[in-house]
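Notes for the one structure printed next.
The values are calculated or read from the model by the stated rules, or taken from the named source; none is laboratory data. Worth saying up front: this structure is predicted, and the values here are computed from it rather than measured. With ideal geometry, Cβ positions are generated from the backbone for all residues, glycine too; neighbour counts draw on all protein chains shown. For the accessible areas, the whole protein counts, side chains as well, though only heavy atoms, and no ligand, DNA or RNA atoms are used. Shrake-Rupley method; radii C 1.70, N 1.55, O 1.52, S 1.80 Å.
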Amino acid sequence: MCGIVGGVTSKNITPLLLEGLNRLEYRGYDSSGLIVLSNKNTFNRARSVGKVANLEKKLKSRSKKINGNIGIAHTRWATHGEPSSLNAHPHISKNSVSVVHNGIIENYIELKNNQIKQGYKFESETDTEVIAHAIDFEMKSCETLIASVQKAVMSFEGSYGLGIISSNFPDRIIATRKGSPLLIGIGENGNYIASDQIALLSETKKFIFLEEGDIAEIEINKVTIIDIDGNLAKRPIVISKIKADQSDKGNYSHFMQKEIFEQPQAIRDTLESRITNDSVISSAFGYEAEGIFKSIKQLQIVACGSSFNAGLVAKYWIEDIAKIQCSVEIASEYRYRNPILQNNTLFVTLSQSGETADTLEALKVAKKINSKVKSLCISNSAESSLTRLSDLTFLTHAGPEIGVASTKAFTTQLVSLALLLCSIGKLQKKIDIKQEKEIVIGLKKLPGLLNETLLQESLIKKLASRFKDNTSTLFLGRGTMHAIAMEGALKLKEISYIHAEAYPAGELKHGPIALIDKNMPVIAIAPNDELLEKLKSNLHEVKSRGSQMIVFEDEDSKVQPMESMLVVPIISNLGRISAPIIFTIPLQLLSYHVALIRGTDVDKPRNLAKSVTVE
Ligand code: F6R
């Protein structure tokens, strides 16, 4: 999704803006731009379609360089108006106001029609340009820039994170947010704004997270924040724990590859100080969790994409092991369907970014339907819209995930959900000490098992060549492995652009088996569990229709290889909790290597955004 960076400093701001844009690239975008106020208080703007590198090239080729101490910049992911230089941000109104915007102004057509009558001329097809004109209009009757912004935003319906500069007030940036993330960075040589800490990590580790409706005035050595009711607000300065080099690729070719290989450490970090030798610590989910967990009768998990797939795995675990009812739903469906939410439900949102608009709205809907319901957010982002709105927060501690395709965020979500299973199960006396110990010991073994599994990369790389000219793939699994098959299919389609679908293997005969012939490869996951024999029968059904198959199995599953069926043993003796986590790895590696062979942009696949902050 779109990214914002800006600052007012004693140095030339342009290099910082470009560095910030490069760091925000992972969020997904199709154009970028920046604007700087020159010493003569005039706007100097550059915009470009495609990569930030194109913008850098454009800046280098200019005879008149863009220099100054104050500026704002943006990566745009097109929503209103095609990706083009004219639609790229920043937008300007009458050489007095310039704006960068994340979010969507839903009533922009109505505002635009009024502004045309007021004499404003539009150069883009975006919803953002009305923001610049609205602020310029208010400046005629307001004495300060912040007051003009305060007045202008009152007419906006929708969501926004905004960075605003004005040639009439050349020493300050105004930042405001509603429904889109925005933060302030406090630096040695100035102060900054960004939609994500990562953009500013080379400059500062001190951040102020703006709350819903806050408007901030940012000067070189002063930050003033006004809250949604117009009162002066004090927001804490948070020291970021993210290391600047965590957002570099290191020795890996892609962030995705790096993040796949970071999973053993990410899981260690997720478990750290959450477990003892044999149990989950009682405060792992926060001190208020105990009372809440004791009283709940069911769980409602809501999420999108990979996070939804993690939720599906948890449903199997929670109902099977803790015998507590658990429903899982796609957030974009939940938010619009008037669901029933019983008292004593724990409403769980899963979100790597903590900013996914549909998940956030689903939580708001849940709170509206039943204000008594308590919420837990499992997220990789400490300061996010979802964590702020939830009663309880559990952080996955995966570290920044830059590759658009979720990898370590997914497996650490599974680990977090296993801890949730233990915490609730134990407090409700549905899981005894022995079961808990078994799960905890199993979780502790995971980093070692993952390292072992990652050693299979070269074998999986060889398998990937089979998919070079492939157009479709079917993934099969049963039980939790159906959810892992869904995750495998999602990975393959998003980074290699091969159509992929996942089915519970038992469902094959109800339709999808019609698709199977020699051109439809099938990938199956065969753990050594109570459904193994049933899965083996399903594999025979597929085999007899001529499909080329790859079966990832537990060494103890002993699937008999047949003609055109390759059986790849992963690791033996996996339990109910560790199996879905371990079997995720070969599927991630396979997608990665298929994408490499097909030459796609692995870390930034087409049309996708890392954090989907608009509907
Ligand atoms: C898939 C992927 C997406 C996200 C989804 C939810 O690889 O990354 O499907 O899982 O957009 O994002 P979060 O977890 O940030 O809410």
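Structure above, values below:
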read-out	value
Crossing angle, helix 129-139 versus the chain [Cα axis fit, 0-90 degrees, rounded to tens]	40 degrees
Neighbour cut-off at most 15 other Cβ (10 Å), DSSP loop, trypsin sites (Lys or Arg not before Pro), region 367-440	372, 429, 430
Principal semi-axes in Å for the chain [√(5λ), Cα gyration tensor, largest first]	45, 28, 22
The chain - percent relative contact order, Cα under 8 Å, separation 6 or more	12 percent
Per-selection Rg to Rh, region 41-146 - Cα, Kirkwood hydrodynamic radius	0.97
Environment charge at residue 587 (Cβ cut-off 11 Å; Lys +1, Arg +1, Asp -1, Glu -1)	0
Relative contact order (percent, whole number), region 255-454, Cα cutoff 8 Å, 6+ residue spacing	31 percent
Fraction in percent of alpha-carbon pairs per bin - 10 Å, region 3-247	8, 36, 39, 16, 1, 0
Spin-label pair residue 281/residue 298, simplified geometry with 7 Å Cα→Cβ offset, distance in nm	3.4 nm
Per-pair calculated FRET efficiency, R0 = 60 Å: residue 433 and residue 212 via Cβ, rounded to 0.05	0.90
Solvent exposure of region 3-247 as accessible area per residue, Å², 1.4 Å probe	40 Å²
When each of 249/408; 294/367; 234/367; 64/140 is checked by Cα-Cα distance, pairs over 22 Å	234/367; 64/140
Fraction of accessible area attributable to carbon and sulfur, the chain (%, probe 1.4 Å)	50 percent
Along principal axes, Cα extents of region 1-68, largest first, whole Å	34, 24, 15
Square roots of five times the Cα gyration tensor eigenvalues for region 107-251, Å	30, 18, 14
Isotropically averaged projected area of region 457-598, using the convex hull of Cα atoms (one quarter of hull area), nm²	7.2 nm²
Loop trypsin sites (Lys or Arg not before Pro), region 130-173 (other Cβ atoms within 10 Å of the site Cβ: 11 or fewer; DSSP)	140
Per-residue SASA entry for residue 8, accessible area with 1.4 Å probe, Å² rounded to 10	10 Å²
Heavy-atom SASA rank of 219, 157, 143, 212 (probe 1.4 Å, accessible area, largest first)	143, 157, 212, 219
Once exposed loop chymotrypsin sites (Phe, Trp or Tyr not before Pro) are cut out (DSSP; at most 16 other Cβ, 10 Å), longest piece of the chain	337-496
Between 0 and 90°, nearest 10: helix 433-454 axis offset from the chain longest Cα axis	80 degrees
Equivalent ellipsoid semi-axes - Cα gyration tensor, region 308-445, angstrom	24, 20, 12
Those aspartates and glutamates that a straight Cα-Cα span of less than 20 Å connects to residue 51, excepting residues fewer than 8 apart in one chain	19, 25, 30, 82, 196, 248, 401, 494, 601, 603
Residue-averaged 222 nm ellipticity for the chain, from DSSP H runs of 4+ at -39500 (n - 2.57), nearest 500	-10500 deg cm²/dmol
FRET efficiency, residue 114 to residue 607 (Cβ-Cβ, R0 22 Å, nearest 0.05)	0.10
Whole-angstrom Cα spans of region 216-312 along principal axes, big to small	50, 48, 31
Helix 52-61 axis, angle to the chain major axis (alpha carbon atoms, nearest 10°)	30 degrees
Residue-normalised accessible area of region 460-615, expressed per residue, 1.4 Å probe, Å²	39 Å²
Euclidean distance between Cα centres, region 35-60 to region 155-191, Å	19 Å
At 0.692 mPa s and 37 °C, Stokes D of region 250-298 from Kirkwood alpha-carbon radius, µm² per second	243 µm²/s
Residue 241/residue 564 FRET efficiency (R0 41 Å; Cβ-Cβ; nearest 0.05)	0.25
Net +/- balance of residues flanking residue 158 in space, Cβ distance below 9 Å, scoring K and R +1, D and E -1	-2
